[in-house]
Every structure is written in structure tokens, then in C-alpha cells.
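The values are calculated or read from the model by the stated rules, or taken from the named source; none is laboratory data. No experiment lies behind these values; they were computed from the predicted model shown. Glycine also receives a Cβ, built like all others from the backbone with ideal geometry; neighbour counts cover every protein chain displayed.
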Amino acid sequence: MIKLLHTADWHLGRVLHHQSLLADQAHVLNQIIDYAVEYQVDAVLVAGDIYDRSMPPADAVRLLNQTINRFAELAIPLIMISGNHDSAERLGFAATQLQKTGLHILTDIQRVAEPVWLRKADTALQIFGIPFADPERIRHVFNQPVTDYDAAHKLLLDQVKAARDPHFPALLMSHCFVDGAETSESEKTLSVGGSDRVSYEPMLAFDYVALGHLHSPQSKGAPHIRYAGSPLKYSFSEHLHQKGVTLLSFDSAGLVAQAHLPLQPLREMRVLEGTLNTLLEQGQQDPQRDDYIMVRSTDTTALLDPMGRLREVYPNVLHLEKRVLQTEPLAQANPNHIKLDAAQLVRDFYAQIQGEPLTDAQSDIINATLTKLSQPNQDNSL
């Protein structure tokens with residue numbers, strides 16, 4: 001039996017609302033290492049976006065180096081592909097030499113047909129990696145007239161299928177956007193108009209497909225075509241996600257089991273909604289006040305230094321937004337509004353933002369102010 005951990009989208013060096021997540025990332029990477037030891041896995045997969053940007057900060061490089069060293073000390077192979085956030089050239093430096101140490105960094109699209117073989121007793125598994133590559137790169141390297149991500153992905157898949165040994169199970173790693181899969185705010189858009197999507201049907205024939213790019217743990221098209229998801233929540237749109245890694249088991253016939261193993265963050269990510277005073281009062285009794293917090297304020301009046309006051313009870317509050325109660329969608333706003341007088345525009349704007357009309361007293365103040373502003377300036381002196 002061969003056991004693997006499928007992970008993806010580490011995004012080392014990520015910053016959320018000016019807050020470094022490096023300590024949080026180190027915390028979950030330690031859990032991944034612990035899982036690898038506990039389940040005695042034969043390799044750990046990372047399906048792209050190891051770093052958060054192509055030129056990662058030094059601290060992120062050090063964290064990856066420490067993690068690689070831990071796996072090397074445990075004699076657990078690490079197999080990774082580059083994602084759209086990574087620089088394939090930088091990540092793939094000395095990759096051929098590093099294979100001898102059990103570190104397999106698959107970044108070269110011209111070598112997708114070369115599998116990594118895992119062998120244990122009477123079981124053998126071939127692992128193919130398709131790193132991220134946009135259609136322009138595929139056209140340039142292979143001189144093929146591909147026009148979108150789906151065609152580019154299929155071209156690489158055809159090379160993998162031609163090289164696959166049909167007598168042994170095969171696992172495919174790919175960093176791509178499968179059409180119809182669930183997205184979140186923290187993923188970088190690859191292109192506009194949906195041309196970044198790839199179809200899952202050409203991948204059905206593999207025993208397992210270890211996907212990266214989308215941050216929500218999910219399968220698409222079939223249970224064995226799966227995104228492990230990111231190990232941490234990287235946007236508040238993910239606050240309900242159950243982050244983790246996927247444990248895989250293979251025998252000589254193929255995949256026999258897969259299971260989601262949860263990861264516990266150093267700090268949870270939560271969204272709180274209510275008036276400022278209510279949230280401040282609740283925060284005094286909140287046992288998880290150190291979590292990363294986004295506040296949706298329901299106050300209808302101006303607030304004095306709300307973030308400063310919130311940080312007194314929630315030291316890691318990262319974002320504050322005021323709930324907008326629109327009387328009609330902005331996109332459907334009446335074009336005739338541009339013909340209205342200034343007072344009516346102010347009244348409409350206030351009602352659209354606050355969800356209620358101006359009071360008579362407020363209207364009088366607006367009218368008086370606009371009247372004063374409309375009067376010609378009598379002071380012509382320089």
C-alpha cells in the first residue's frame with residue numbers, strides 16, 4: 001500500500017490586510033509534517049502555488065527550506081509543481097540534482113511525460129506533474145496554435161497519456177481552474193471571460209487527480225478529481241471553509257481510499273456583524289478574541305475611530321466594512337437622476353446608502369447649505 005498526502009496552495013509569504021501570515025503558515029506546515037509521520041505516508045504532494053509571489057520574501061524562502069529539511073530528515077519524498085503565483089524558473093533551480101534527495105520539483109512543461117515513480121512491496125505508482133502554463137507559453141514552446149487554457153492543458157495531457165504505463169496506477173498533479181468549481185476571493189484570476197477554465201473529462205482516466213489553484217477543498221466531475229484546497233484561509237470569503245489535506249491510499253489496482261484530514265489554524269478567521277457597541281461588549285467575553293476578524297458594522301451613524309476601539313478587544317481585527325443597504329442596485333440606478341437638482345441627488349444618495357430617507361431637519365440643513373453654495377461669491381478681492 002502506498003500512502004500520500006495531497007496538499008496545495010501554501011502561498012508562503014502571504015500578507016492579508018497588511019498582516020503577515022508566516023507564523024500561521026509555519027503552524028499548519030508543522031501539522032502537515034505530523035500527519036505525514038502519523039500516517040506513515042510515502043510522499044507529500046504540493047499542487048502548485050508554493051509561494052505567494054514569483055519573488056518571495058526571504059522569510060518565506062527560509063520557511064520552505066526548513067520544511068523541506070524536515071521532510072528530508074524523515075526520508076519522506078516531497079513532490080511539487082509550480083503554480084501561477086510561482087516563478088517556474090526560480091522554483092525549479094537545480095531540480096534535477098535535488099531529485100536524488102527525494103525532492104521532486106516539476107516546473108518544466110517540456111518534461112511532463114517524465115513521471116516520478118513510487119514503489120513499495122508489490123505496488124508501484126507513477127506520478128505526472130503538469131505545472132501552470134498559460135496558452136501563450138504553450139504556443140511558444142510547442143509551436144501549437146492553442147488559444148485558451150483548455151486547449152493548452154489538453155496538449156500537455158496528451159503527452160502524459162502517451163507516456164503512461166497502462167500496467168500501473170497513475171496519479172496526475174495539475175495547477176488549473178476546472179470549469180464549474182467553487183472559487184473564493186483569494187485566487188488570482190487567470191484571464192477574463194472564462195477562457196481560463198479547463199474541462200475535467202480528459203482527466204477522468206487517471207486513478208487520482210491532485211489539483212491546485214482553487215482554495216476550497218472540493219471534488220469536481222468525479223470524487224477522484226480533487227482540490228485539496230489551501231491549508232489556511234486566505235480571504236474572509238473563506239471563513240466557513242474546513243481547511244485540511246487529503247490522505248490517499250493506493251494498491252496495485254489503483255486508488256482504494258481518500259480522506260480529508262483537518263488542519264487547525266493558529267488563529268481562526270471570523271466575520272462579525274452588529275453595531276460597534278454590541279461587538280465591543282461581546283468582545284470582552286470572547287475566548288477567541290485573538291482570531292483574525294472582519295467586522296460588518298450595522299451602525300447608521302458616523303463612528304469615531306472604530307478600528308482603534310475594536311482593537312482594544314480584538315487585537316487582530318483586520319478589516320471593517322459598513323453594511324450598505326441599497327434601495328436599488330447601483331447598476332440599475334435611474335439614468336434620469338443626472339437631470340435632478342442637487343438637493344434631490346443628495347436625498348437619493350442618502351436613501352440608497354442608509355436605506356431610509358432624510359428627516360425634515362436633515363433636508364432643511366441640506367437645502368440651506370446648497371443655497372449658500374449656489375450664491376455668487378461677493379468677495380472679488382485678490
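From Gly254, Gly180, Gly212, grab the single residue that is over 19 Å from Ala133 (Cβ atoms) and either polar (S, T, N, Q) or modelled with pLDDT of 95 or more (or both). Going through Gly254, Gly180, Gly212 in turn, the sole match is Gly254.
Taken together, the criteria exclude Leu22 from residues that are touching a strand residue (DSSP E or B) at 6+ places or on another chain (Cβ under 7 Å) and either touching a residue at least 40 places away in the same chain (Cβ under 8 Å) or under 22 Å from Gly129 (Cβ atoms) (or both). Hey, could you check segment 63-110 for residues that are loosely packed, with under 14 Cβ neighbours inside 10 Å and of a type in the set (D, E, K, R) and say which is farthest from Cys176 (Cα to Cα)? Per the stated criteria, the residue is Glu73. Can you tell which of Val46, Val37, Val28, Val41 is assigned by TED's automatic domain parsing to the domain that holds Arg226, in contact (Cβ under 8 Å) with a residue 24 or more places away in the chain, of a type in the set (Val, Ile, Thr) and touching a Gly at 6+ places or on another chain (Cβ under 8 Å)? Of Val46, Val37, Val28, Val41, the one residue that is assigned by TED's automatic domain parsing to the domain that holds Arg226, in contact (Cβ under 8 Å) with a residue 24 or more places away in the chain, of a type in the set (Val, Ile, Thr) and touching a Gly at 6+ places or on another chain (Cβ under 8 Å) is Val46. Residue count for segment 237-252 under the criterion of being part of a loop (DSSP other than H, G, I, E, B), surrounded by 19 or more Cβ atoms within 10 Å (Cβ to Cβ) and in contact with a strand residue (DSSP E or B) (Cβ under 8 Å, 6 or more places away or on another chain): the result is 1. Condition test on Met203, is it surrounded by 14 or more Cβ atoms within 10 Å (Cβ to Cβ), at pLDDT 95 or above and not assigned by TED's automatic domain parsing to the domain that holds Phe132? Considered against the rule, which asks whether it is surrounded by 14 or more Cβ atoms within 10 Å (Cβ to Cβ), at pLDDT 95 or above and not assigned by TED's automatic domain parsing to the domain that holds Phe132, Met203 comes out as no.
Going by what's in this entry, would Val116 be described as closer than 16 Å to Phe250 by Cβ and either modelled with pLDDT of 95 or more or not assigned by TED's automatic domain parsing to the domain that holds Val41 (or both)? Against the criterion (closer than 16 Å to Phe250 by Cβ and either modelled with pLDDT of 95 or more or not assigned by TED's automatic domain parsing to the domain that holds Val41 (or both)), Val116 qualifies.
Out of the residues in segment 152-191 that are among the hydrophobic types (A, V, I, L, M, F, W, C) and assigned to a helix (DSSP H, G or I), state the one that is surrounded by the fewest Cβ atoms within 10 Å (Cβ to Cβ). This residue is Ala162. From the list Leu280, Leu304, the lone residue that is outside any loop (DSSP other than H, G, I, E, B) and of a type in the set (A, V, I, L, M) is Leu280.
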